[in-house]
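A short worksheet on the structure shown next.
The values are calculated or read from the model by the stated rules, or taken from the named source; none is laboratory data. Since we're looking at a predicted model, the values are computed, not measured. Note: ideal-geometry Cβ built from the backbone for every residue, glycine included; neighbour counts use all protein chains shown.
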Amino acid sequence: MVSKFVSEPANVIVPPERILKPRRGWGGLGLEQLWKYRELLYFLAWRDVKVRYKQTVLGIGWAIIQPFMTMVVFSVFFGRLAKVPSDGLPYPIFAFAALVPWTFFSSALNSSAGSLQGSTNLLTKVYFPRLIIPMASILPGVIDFGIAFVILCGMMVYYGVVPTWNVVFLPLLAILALFVALGVGLWASALNVKYRDIRYTIPFATQLWLFATPVAYPSSLLDEPWRTVYALNPMVSVVEGFRGALLNRAMPSLTMFAVSGVIALLMFITGVYYFRRTERYFADII
Amino acid sequence: MSFTAISAKGLGKRYAIGAAKHRYLTFRETLVNAFSSSMRRLKPRSQSAGLRSADFWALQDVSFDIQPGETVGVIGRNGAGKSTLLKIISQITEPTQGEVHVRGRVGTLLEIGTGFHPELTGNENVYLYGAILGMRRAEIARKFDEIVAFAEMEKFIETPVKRYSSGMYMRLAFAVAAHLETEILLVDEVLAVGDARFQQRCLGKMEDVSNQGRTVVFVSHNMAAITRLCRRAIWLNDGKLVMDGSAIEVGSQYLNADVGGIAERVWLPGNAPSNTIVRLCAARVITEAGKVSPEMDVRFKIGVEIEYEILEAGHSVVPNYHFYGADGTHLFMALDDKWMQKPRAVGRYRSTGWIPGNILTEGLVTVGVGMMQAEPFMVQFHAVDAVAFYMVDNLKPGSARGGYAGKMPGVIRPKLTWDTRLLEKDE
C-alpha cells in the first residue's frame, strides 16, 4: 500500500530507534529514563500530599501526632516507670530527637513496601520507569519530617538545649536513613508483587527494628566493640547522630558511621538490583 | 527517509497459566512448593515435563512493519493477543521471544481514566494524567485551555472528579490523551464507552492525528470503527497473525470467520435444507456484476442468489429472505411474489433478489433463506444464517453519508430525495 507519507519531503527527522526484546541482566539504574520522567516523580508525590490533606481531618497534624504521642508513651513507660537512662538529658527530648528520624524511616519503609501493589492500575496500563513508584511514595514523608523537625526545634528551645556544629551532618544522616528505607523498600515492594504476604510482615519487622535501634534507650548501654557491631543496623548511626548533633552529645564514632554507611549502600544496591531484575514481570503478575 | 515506525519480528509472549490463575503467591506457598518440587525430583521425569505444558502463548511469532503515518487497526476476539501486543509495543511488558523496533515516542490511550484520582479536581487531574502519559508540565500548561475546551469541562474543572459522571470523566481523560504529541499513538477500545456524539469527536480527533503524519495503532472489536478509521488492519487469533492487509478485506474475512457466515454457501444433497417438495442447493451474495463478495458497497445493488431443486411438481414454492443486522435486529423480509399462486415444474431453479443501493447501513448483514407456500400457508424450510455479508461505506460520493464521517445511527440508511426551496429571501 502506498501511504501518503511517501510523498512528503524527505526532511523529516528520523526518531531514534528503541529495540524492545527479552532483557538479560539488570541494565543498571536506568538514570536516563528516571531523569526523563522526573516530573512524574514530582506529580505522584504531589498527588499523595494533596490527597492526604484533602481527605483527612487533621491533615498536617498527623505528621506531629505520631512521633509526639510515641514520645509521650515512651517518656511515661521507659523514662518514668522503667527509669531507662537518657544520657543525662530530659527523657522527652532524648526520645523525640530519635523519633523524628525514626518515624521518617519507618513511614518511608511502610509506604514504599506497598507502593507497587497500590499502583497496579498504572503498572499494567502505562510505561514509565518502575523505580518512580517506590521513590515517589517516600517523598511525602519528607514534608512530615520537616514538620516534626520544627517541633523538635521548639522542644530544644523549651529545654534550653543548644546544638553543636555537628548539625551540618544532619542532611547526611537523613540521606543515610533515606537510603536504608529505599533499599529495604525496594526489596519489599518488588517481593510483594510476587508474594502478597510480604506486606504484612513489614509493620511487624519495623516494630522489631525499632527496639533494635537506640530510640527508647541510649546506645551507651553497650560497650565497645559491641557498639560498633551494633552499627550494622544503620539506623543506630542515624539516630545517635541526630542526638549527637542536636543535643550536644558525643557523635557515634567514624567506624560506626563507616559500618552503617557500607551496610546502607549494600541494602540500596541490592534493592535496586533485585527491583530492576524483577520489574519486567510486574505488569504480568501484579 | 524510509524507516518503519514499528517493526515486529517473531514476537512471542508466554504466560504461565498457573500464574494467570492465581496471579500471585504467598511466600509460604513458595516455600511449600520448593519443598514439594525437590521431593518431586526424586520421582520420574515425566511429571515435571507435564508442568511446562501449563504455559500458554498469548502471542506467537507475530511479525509486521508499520510505516510512519499509517493508521492500523488490530482486530481479534477477546484473548486473541491484541492487548498483549499493545503492552509490548508500549513497553509495559517484555516479549518472551522476538523483538520490536520502535521509532518515536509512544503514547498510550488505554482504558481511559487510569491514573485519575477521585479526590483531586479536574484541573489537578489534567496535570497528573498528563504526567503519567509522559507529558511535560510546561507542555500540559500550554495546552491546558485547549484540553478543557475539547472536553467541554470549563464549568467543572475545579470540581473533584469523584463528582463527575462517567461521561465527564471519560471526556476529560480522552481530551488529555488526545493532546499527546507522540509520534506513535496506541489506542485500546476507548471508543466503546461514551455517548455517540463524543465517540464521533474522538474518531475525528484520531483522524486528525493520523493526518498529521503520526502513526496510530487502534485495537478494537468494533469492525465498523476500524474500517472507518484505518486503511490497514491486522487480524490476530489465538496469539497468531491470521491476516494483514487492507482494513476492508481483513474486516470481511474476520467477520466471515468469526460470525460463521460466508458470502457463498453450497449444500450437498445429504445435508441441504429441504423437504419432500424443494431442496436448497446454494446461496450467494453477489454484486451487480455477478461477482460473489463478502463486502458490499452501500451505494450499489446487492443480489442474494439461491439455487434450488423442485423435487415434486404442482406446488407453489415462494423463495423468501430474511435480513438481520449485526446485533440480530430483523431488518426486513422479502419474498418472490411472482410464484405465489403458480405451481412449479420439477427442475433446478435460480432466483435472485436485488436490494437497491443506499438502503442498508454499514456493518454485518446476515441472511436467512426460506421456502414457503402461501395458500394454505406452509413453511417448507428455513435456513437461518445461510449467508452473510459486510456493508461498507468508504465515504465516496454517492452514499447517504454525503461525506459526513460521523456516526449515523439507525438500522437502515436510505438515501432520500431532498427538495429544498428558498421561499422568501430576506434582504
Return the residues of the range A:201-244 that are of a type outside the set (Ser, Thr, Tyr) and outside any helix (DSSP H, G or I); say none if nothing qualifies. A:212, A:214, A:215, A:216, A:218, A:222, A:223, A:224, A:225, A:231, A:232, A:233
Candidate set: the range A:203-221, residues that are among the hydrophobic types (A, V, I, L, M, F, W, C) and surrounded by fewer than 21 Cβ atoms within 10 Å (Cβ to Cβ); chosen: the one farthest from the other protein chains (Cβ to nearest Cβ): A:221
Go through the residues of the range B:372-384 one by one and say whether even a single one is in a loop (DSSP other than H, G, I, E, B), over 24 Å from the mean Cα position of the chain (by Cα) and aliphatic (A, V, I, L, M). yes
May I ask you to say which residue of A:116, A:172, A:131, A:152 is more than 17 Å from the chain's Cα centre (by Cα) and either at pLDDT 90 or above or closer than 23 Å to residue A:66 by Cβ (or both)? A:152
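Each row is one residue, and each column tells you yes or no for (1) facing another protein chain (nearest Cβ under 8 Å); (2) touching a His at 6+ places or on another chain (Cβ under 7 Å); (3) at pLDDT 85 or above.
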site	(1), (2), (3)
A:14	yes, no, no
A:17	yes, yes, no
A:27	no, no, no
A:30	no, no, no
A:91	no, no, yes
Output the number of residues of the range B:271-296 satisfying the condition of being surrounded by 17 or more Cβ atoms within 10 Å (Cβ to Cβ) and modelled with pLDDT under 90. 7
Within the range A:264-286, which residues are surrounded by fewer than 21 Cβ atoms within 10 Å (Cβ to Cβ) and more than 14 Å from chain B (Cβ to nearest Cβ)? A:265, A:266, A:267, A:268, A:269, A:270, A:272, A:273, A:274
Pairs needed: first member in the range A:110-122, facing chain B (nearest Cβ under 10 Å); second member anywhere, among the polar types (S, T, N, Q) and surrounded by 22 or more Cβ atoms within 10 Å (Cβ to Cβ); C-beta distance under 9 Å; at least 6 residues apart or different chains. A:117/A:189; A:117/A:192; A:119/A:137
Just to check your reading of the model, which residue among A:197, A:223 is more than 25 Å from residue A:244 (Cα to Cα), without any contact (Cβ under 8 Å) to a residue 12 or more places away in the chain, out of contact with any His (no Cβ under 8 Å at 6 or more places or on another chain) and of a type outside the set (Ser, Thr, Tyr)? A:197
For the condition in the same structural domain as residue B:179 (by TED's automatic domain parsing), hydroxyl-bearing (Ser, Thr, Tyr) and touching a strand residue (DSSP E or B) at 6+ places or on another chain (Cβ under 6 Å), what is the one hit in B:114, B:84, B:93? B:84
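Mind checking whether some residue in the range A:35-55 is at the interface with chain B (Cβ under 7 Å from one of its Cβ atoms), farther than 29 Å from residue B:12 by Cα, surrounded by fewer than 16 Cβ atoms within 10 Å (Cβ to Cβ) and modelled with pLDDT of 75 or more?
Looking for residues that are at the interface with chain B (Cβ under 7 Å from one of its Cβ atoms), farther than 29 Å from residue B:12 by Cα, surrounded by fewer than 16 Cβ atoms within 10 Å (Cβ to Cβ) and modelled with pLDDT of 75 or more, one finds at least one in the range A:35-55, hence yes.
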Residues that are among the β-branched types (Val, Ile, Thr) and in contact with a Phe, Trp or Tyr (Cβ under 7 Å, 6 or more places away or on another chain): find the strands (runs of 3 or more DSSP E) completely inside the range B:239-323 holding 2 or more of those. B:278-287, B:302-310
Return only the number of the condition from (1) more than 7 Å from chain A (Cβ to nearest Cβ); (2) touching a Ser or Thr at 6+ places or on another chain (Cβ under 8 Å); (3) farther than 23 Å from residue A:284 by Cα that residue B:107 does not satisfy. (3)
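Listed here are the residues, each with its yes/no results for (1) in a helix (DSSP H, G or I); (2) surrounded by fewer than 22 Cβ atoms within 10 Å (Cβ to Cβ); (3) facing chain A (nearest Cβ under 7 Å); (4) at positive phi.
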position: B:73; (1), (2), (3), (4): no, no, no, no
position: B:91; (1), (2), (3), (4): no, yes, yes, yes
position: B:116; (1), (2), (3), (4): no, no, no, no
position: B:119; (1), (2), (3), (4): no, yes, yes, no
position: B:129; (1), (2), (3), (4): yes, no, no, no
Does the range A:70-86 contain at least one residue that is surrounded by fewer than 21 Cβ atoms within 10 Å (Cβ to Cβ) and under 21 Å from the mean Cα position of the chain (by Cα)? yes
Would you mind telling me which numbered condition in (1) farther than 25 Å from residue B:136 by Cβ; (2) more than 14 Å from chain B (Cβ to nearest Cβ) residue A:134 fails? (1)
From A:142, A:157, which residue is β-branched (Val, Ile, Thr), within 17 Å of residue A:63 (Cα to Cα) and surrounded by fewer than 21 Cβ atoms within 10 Å (Cβ to Cβ)? A:142
